[in-house]
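Just below is one structure, and these are the notes that go with it.
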Amino acid sequence: MRTLVLNAGYEPLAVVSFKRALVLVMNEKATVIERIDENPVWGIRGATDRPAVIVLTRYVRVPGARRVPVTRRGVLRRDAHRCAYCGKGATTIDHVLPRSRGGADSWENLVACCLRCNNVKGDRTPQEMAWELRWVPQPPRGTQWTVRGTERSEPSWEPYLSLAA
């Protein structure tokens, strides 16, 4: 079981285990907003509901410019494992402007690519190949990129995650 932690301003901060959430609630550092009624936690003082969503009692500043690090896995996930050139399933990534020509390892220069298109394109630009990108590569946005663990969200979290978006 996992628990969504919200800031005092109801911004999603993190996803933690229900044990960590219980500790925060019992130490009065957080308040339970959503509970999981079935399967309570039994303790000395009786049964306690498992928290699904908690909000911190004190405001914790969220860094304004949370930058998502560029990774191969992240590029494939951002592009839904689809080739930016032909639209088929992608297993590799490609530099739109090749590294040998000064292309950076950035969200704007990397796209998901199938092995065939990657080999055919080689060390050339899409313009030289007369190819068009199916979408403009951009840095990913949204809580599923900045808050760890929300890519597999629980149904009870949806109202709180949509508020942040």
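The gain in end-to-end length when the Val23 to Ala130 segment is fully stretched comes to 32.6 nm, 0.36 nm per residue minus the alpha carbon separation.
Using the Cα centre as the reference, give the magnitude of the dipole from point charges on the C-beta atoms of segment 80-129 (Lys, Arg: +1; Asp, Glu: -1; all else neutral), rounded to the nearest 20 debye.
Details: 7 positive and 5 negative charges, 39 e Å.
That gives segment 80-129 a dipole magnitude of about 180 debye.
Within segment 10-47, the trypsin sites (Lys or Arg not before Pro) that combine a DSSP coil assignment with at most 11 other C-beta atoms in a 10 angstrom radius are Arg45. Within the set [x] 1.16; [y] 0.95; [z] 1.05, the number that Rg/Rh (Cα atoms, Kirkwood Rh) takes when calculated for this structure is listed as [x]. Values of log10 I(q)/I(0) for segment 80-129 across q = 0.30 Å⁻¹ run -1.21, by the Debye formula with one identical scatterer at each alpha carbon and no solvent.
Exposed loop sites were defined as GluC sites (Glu not before Pro) in DSSP loop states (anything but H, G, I, E or B) carrying at most 11 other C-beta atoms within 10 Å; in the chain the longest segment without such a site runs 29-131. Excluding residues on the same chain fewer than 8 positions from Lys88, give the lysines whose Cα lies under 29 Å from its Cα. Once the sequence-local lysines are set aside, what remains near Lys88 is Lys121. Over the chain, Cα pairs under 8 Å with separation of 6+ residues give a relative contact order of 21 percent. About its Cα centre, the chain has a charge dipole of approximately 460 debye under the convention of +1 per Lys or Arg Cβ and -1 per Asp or Glu Cβ, with nothing else charged.
Each value in this text was obtained by applying a stated rule to the coordinates, not by laboratory testing. Note that the structure is predicted; figures quoted are calculated from it, not measured. We place every Cβ from the backbone using ideal geometry, glycine too, and count neighbours over all the protein chains shown.
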